[in-house]
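J.: Following this message is one structure expressed as structure tokens.
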Amino acid sequence: MKIYTKTGDTGDTGLFGGPRVRKDSPRIEAYGTVDELNAVLGLARADVAAAALDAKLSRVQCELFDLGAELATPDPASHGVRGITAGHIARLESEIDSLEQSLPKLKQFILPGGTALAARLHLARTVCRRAERRLITLADHSDEPISVQAAVYLNRLSDWLFVVARAANQAAGRAEEPWRQCGDE
């Protein structure tokens, strides 16, 4: 199979089991941003030394592929496309709760950064928030129903990424930098 098909050269692409749409349609924007998030997580994994964290990030990448397939299919159920479930969300929540027990309580905002791994996880978090916004736009403009679980998953995943970034800094002994209002110094 060739990597290029030339079928998208005029600015449209085919959906799985559906019509061709413009490449800047809300559906393509939504699953394209999920794909971008997946790539940023791949970049973060390049810095992961702990096998347990690498396994969790790998799992999330697989879930994002499932979400991307769900979003690339106008009627996922009729095509046997596996979607995001309440179980995926519950697992993220459980992991957030577990990680937060070992982290200092937040009393103010912190600046994204720290170690290279934490900075990449913060970048993933912001891309995740954008994916969530694109999904909401898709839901508002689509004639087909869009899974509510997908939006909840992305919302929770961004929280998970924030906590995992904090945990990565803590594991490396890197202090968090609190945000402070910048003056005319």
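The values are calculated or read from the model by the stated rules, or taken from the named source; none is laboratory data. Keep in mind that this is a model prediction, so the values were computed, not measured. Here Cβ is always computed from backbone atoms with ideal geometry, including for glycine, and neighbour counts include all displayed protein chains.
J.: Exactly one of (1) in contact with a Leu (Cβ under 6 Å, 6 or more places away or on another chain); (2) closer than 22 Å to VAL48 by Cα; (3) charged (D, E, K, R) is unmet by GLU132. Its number?
T.: Going through (1) in contact with a Leu (Cβ under 6 Å, 6 or more places away or on another chain); (2) closer than 22 Å to VAL48 by Cα; (3) charged (D, E, K, R) one by one, GLU132 breaks only (2).
J.: Follow-up. Within the range 77-84, identify whether any single residue is modelled with pLDDT under 95, part of a loop (DSSP other than H, G, I, E, B) and over 23 Å from ARG133 (Cβ atoms), and answer yes or no. Don't jump to the end; show me each part of the working.
T.: Taking the range 77-84 and keeping what is modelled with pLDDT under 95, we get 77-84.
Now drop any that are not part of a loop (DSSP other than H, G, I, E, B), which leaves 80-84.
The next check asks that each one be over 23 Å from ARG133 (Cβ atoms); those that pass are 80, 82.
Within the range 77-84, one or more residues are modelled with pLDDT under 95, part of a loop (DSSP other than H, G, I, E, B) and over 23 Å from ARG133 (Cβ atoms).
J.: Can you find even one residue in the range 83-102 that is touching a Ser or Thr at 6+ places or on another chain (Cβ under 9 Å) and either at positive phi or among the aliphatic types (A, V, I, L, M) (or both)?
T.: Checked against the condition, which is being touching a Ser or Thr at 6+ places or on another chain (Cβ under 9 Å) and either at positive phi or among the aliphatic types (A, V, I, L, M) (or both), the range 83-102 yields at least one hit.
J.: Here are some conditions: (1) assigned to a helix (DSSP H, G or I); (2) touching a Gly at 6+ places or on another chain (Cβ under 8 Å). LEU99 meets all but one. Which one does it not meet?
T.: (2)
J.: Can I ask one more? Could you please let me know if SER142 is among the small types (Gly, Ala, Ser) and either free of Cβ contacts under 8 Å to residues at least 24 places away in the same chain or under 25 Å from GLY18 (Cα atoms) (or both)? Show your work before the answer.
T.: Numbers: among the small types (Gly, Ala, Ser): yes; either free of Cβ contacts under 8 Å to residues at least 24 places away in the same chain or under 25 Å from GLY18 (Cα atoms) (or both): yes.
When the stated conditions are applied, SER142 passes them.
J.: So THR126 fits all but one of (1) in contact with a Phe, Trp or Tyr (Cβ under 9 Å, 6 or more places away or on another chain); (2) over 20 Å from ARG82 (Cα atoms); what number is the exception?
T.: THR126 satisfies all of (1) in contact with a Phe, Trp or Tyr (Cβ under 9 Å, 6 or more places away or on another chain); (2) over 20 Å from ARG82 (Cα atoms) except (1).
J.: Let me ask another. Are any of the residues in the range 161-176 surrounded by 17 or more Cβ atoms within 10 Å (Cβ to Cβ), under 20 Å from TYR31 (Cα atoms), touching a helix residue (DSSP H, G or I) at 6+ places or on another chain (Cβ under 9 Å) and free of Cβ contacts under 8 Å to residues at least 60 places away in the same chain?
T.: yes
J.: Sort out which residues of the range 114-126 are buried (at least 21 other Cβ atoms within 10 Å of the Cβ) and either without any contact (Cβ under 8 Å) to a residue 60 or more places away in the chain or closer than 11 Å to VAL40 by Cβ (or both), and write them in order of number.
T.: Of everything in the range 114-126, those that are buried (at least 21 other Cβ atoms within 10 Å of the Cβ) and either without any contact (Cβ under 8 Å) to a residue 60 or more places away in the chain or closer than 11 Å to VAL40 by Cβ (or both) turn out to be ALA118, ARG120, LEU121, HIS122, ALA124, ARG125.
J.: Within the set of pairs 6+ apart or on separate chains, which have a first residue in the range 58-72 that is under 14 Å from ALA44 (Cβ atoms) and part of a helix (DSSP H, G or I), a second that is of a type in the set (Asp, Glu) and modelled with pLDDT under 95, and C-beta atoms under 7 Å apart?
T.: none
J.: Then there is this: Tell me, yes or no, whether the range 110-121 has at least one residue that is farther than 24 Å from ARG174 by Cβ and in a helix (DSSP H, G or I). Don't jump to the end; show me each part of the working.
T.: Kept after step one, since they are farther than 24 Å from ARG174 by Cβ, are these residues of the range 110-121: none.
Looking through the range 110-121, none of the residues is farther than 24 Å from ARG174 by Cβ and in a helix (DSSP H, G or I).
J.: Among residues belonging to the range 1-46 that are more than 13 Å from the chain's Cα centre (by Cα) and under 20 Å from TYR153 (Cα atoms), point out the one that is modelled with the highest pLDDT.
T.: GLU29
J.: Among the numbered criteria (1) under 20 Å from PHE65 (Cα atoms); (2) in contact with a Phe, Trp or Tyr (Cβ under 8 Å, 6 or more places away or on another chain), which one does LEU135 miss?
T.: With respect to (1) under 20 Å from PHE65 (Cα atoms); (2) in contact with a Phe, Trp or Tyr (Cβ under 8 Å, 6 or more places away or on another chain), LEU135 is out only on (2).
J.: Being out of contact with any Ser or Thr (no Cβ under 9 Å at 6 or more places or on another chain) and in contact (Cβ under 8 Å) with a residue 40 or more places away in the chain is true for just one of LEU111, LEU106. Which residue is that? So that I can check it myself, show each step before the final result.
T.: Working: LEU106 fails: in contact (Cβ under 8 Å) with a residue 40 or more places away in the chain.
On inspection, the qualifying residue turns out to be LEU111.
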